[in-house]
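> Following this message is one structure expressed as structure tokens.
The values are calculated or read from the model by the stated rules, or taken from the named source; none is laboratory data. Everything numeric in this text was worked out from a predicted model, so none of it was measured. Neighbour counts run over all protein chains shown; Cβ positions are idealised from the backbone, glycine included. Please note that ligands, DNA and RNA were not included when accessible areas were found on the heavy atoms of the full protein model with its side chains. Shrake-Rupley method; radii C 1.70, N 1.55, O 1.52, S 1.80 Å.
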Amino acid sequence: MKFTCLIPTYNNGAMIGAAIESILAQTHANFELFIVCDGAPTITHEIADRFARGDSRVRTFKFAKGERHGEASRHRALQEATGDAVCYLSDDDCWFPDHLQIMMDLLASADFAHTRHTFLKPTYEFSSILTQLVDPATRERMCSEKFNIMGPSVVGHLTSAYRRLPEPWAPAPAAVPTDLHMWRKWIRAPKVRFASSKAITTLHIPRSVRAEQDYDTGLRETNFWRINFRDPAMRAALRELMSGETTDMPAGRVALRANEIRRTQASETRS
């Protein structure tokens, strides 16, 4: 399966570098990357263009600032998608290296799939949402209330299914979040097959609760965690500790458990 990976970006500047790096580090390497600049600053264009020069899979789309969050520009870029499926990454988030591999497995029997929305609090605690879209009651609630269980970074869908939607990406009404408005289109569309996984494959580091943090610090924080979760032991520790119904976990406990996993693996190798 080939993926079209799409990063929409507006005003997070150099932070996009970490997001791009996390896509280029995917173990499933059959993808194209679309960086969709919605009135983005010059520094974003420069970084995107540098990656495009170095990797033929990367393309930069440069648009003037569009209505709302530039949803229409996302649709314009997707008209040129050659992937069998589309996955999204917010410009201040990062994927774990096995994200696309897990999404490929989910989309083998679904039109729209998501993994577990997980974010890092300023208190260095991982927190996540267990609610899943495969639950009909959840879908009903998302359509009737201002209720959302996931951001774009955990979502993927078949390109063919997107092209069958009655309405594609388009500016959301003023009172409705952009992503929720789009998820409602999928929920209301006929004959869409949904898949959900409790696997943690991405990390959201919300800027909304880091209002005092400058972009350079934000980039360092994102890169710190992006690089740490290249380590299979870190991914295994986070997934193990937050299995079942656990939704919150101190980062320190994850690091300690990862050390235990490494020691066990080293001991087994020696023996």
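> Please verify whether residue 159 is in contact with a helix residue (DSSP H, G or I) (Cβ under 7 Å, 6 or more places away or on another chain), open to solvent by less than 40 Å² (accessible area, probe 1.4 Å) and closer than 23 Å to residue 74 by Cβ, treating the condition exactly as stated.
Criteria not met by residue 159.
> Can you name the residue in the range 200-223 that is at pLDDT 95 or above and outside any strand (DSSP E or B) and is also farthest from residue 24 (Cα to Cα) among such residues?
By that ranking, first place goes to 200.
> In addition: Please find, within the range 118-128, the residue that is nearest to the chain's Cα centre (by Cα) out of those that are assigned to a loop (DSSP other than H, G, I, E, B) and touching a residue at least 24 places away in the same chain (Cβ under 8 Å).
Taking the range 118-128 as the starting set, the residues that turn out to be assigned to a loop (DSSP other than H, G, I, E, B) are 121-124.
If we keep only those that are touching a residue at least 24 places away in the same chain (Cβ under 8 Å) too, we end up with 121-122, 124.
Numbers: 121: 17, 122: 19, 124: 20 Å.
Across the range 118-128, the extreme among qualifying residues is 121.
> Out of curiosity, is residue 87 closer than 26 Å to residue 13 by Cα, in contact with a Ser or Thr (Cβ under 6 Å, 6 or more places away or on another chain) and not hydroxyl-bearing (Ser, Thr, Tyr)?
No, not satisfied.
> Same structure again: Got a number for residues in the range 139-173 being under 16 Å from residue 7 (Cα atoms), part of a helix (DSSP H, G or I) and of a type in the set (Gly, Ala, Ser)?
The qualifying residues number 1.
> Filter the range 1-60 for residues that are within 17 Å of residue 154 (Cα to Cα), open to solvent by less than 20 Å² (accessible area, probe 1.4 Å) and assigned to a loop (DSSP other than H, G, I, E, B) and give the result.
Within the range 1-60, just 26 meets the criteria.
> Taking the range 243-253 as the region of interest, how many residues are surrounded by fewer than 14 Cβ atoms within 10 Å (Cβ to Cβ), of a type outside the set (Gly, Ala, Ser) and touching a Phe, Trp or Tyr at 6+ places or on another chain (Cβ under 8 Å)?
1
> In the range 171-200, how many are open to solvent by 20 Å² or more (accessible area, probe 1.4 Å), small (Gly, Ala, Ser) and under 23 Å from residue 10 (Cα atoms)?
Qualifying residue count, the range 171-200: 2.
Conditions (1) open to solvent by 50 Å² or more (accessible area, probe 1.4 Å); (2) within 20 Å of the chain's Cα centre (by Cα), marked per residue:
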{"site": "168", "(1), (2)": "no, yes"}
{"site": "203", "(1), (2)": "no, yes"}
{"site": "208", "(1), (2)": "yes, yes"}
{"site": "215", "(1), (2)": "yes, yes"}
{"site": "226", "(1), (2)": "no, yes"}
{"site": "241", "(1), (2)": "no, no"}
{"site": "255", "(1), (2)": "no, no"}
{"site": "263", "(1), (2)": "yes, no"}
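> Shifting gears a bit: Based on what the data block shows, is residue 215 of a type in the set (Phe, Trp, Tyr) and at positive phi? Spell out how you get there, then give the answer.
Details: of a type in the set (Phe, Trp, Tyr): yes; at positive phi: no.
In short, no.
> Right, something else. Of all residues in the range 118-156, which are open to solvent by 30 Å² or more (accessible area, probe 1.4 Å), closer than 27 Å to residue 250 by Cβ and not polar (S, T, N, Q)?
Within the range 118-156, 119, 121, 122, 124, 125, 129, 130 meet the criteria.
> Further question: Report, by residue number, each residue of the range 84-117 that is open to solvent by less than 40 Å² (accessible area, probe 1.4 Å) and in a loop (DSSP other than H, G, I, E, B).
Listed by number, the residues that qualify are 89, 90, 91, 92, 96, 97, 98, 110, 111, 115, 116, 117.
> Kindly check whether there is at least one residue in the range 232-239 that is open to solvent by less than 40 Å² (accessible area, probe 1.4 Å) and in contact with a strand residue (DSSP E or B) (Cβ under 6 Å, 6 or more places away or on another chain).
no
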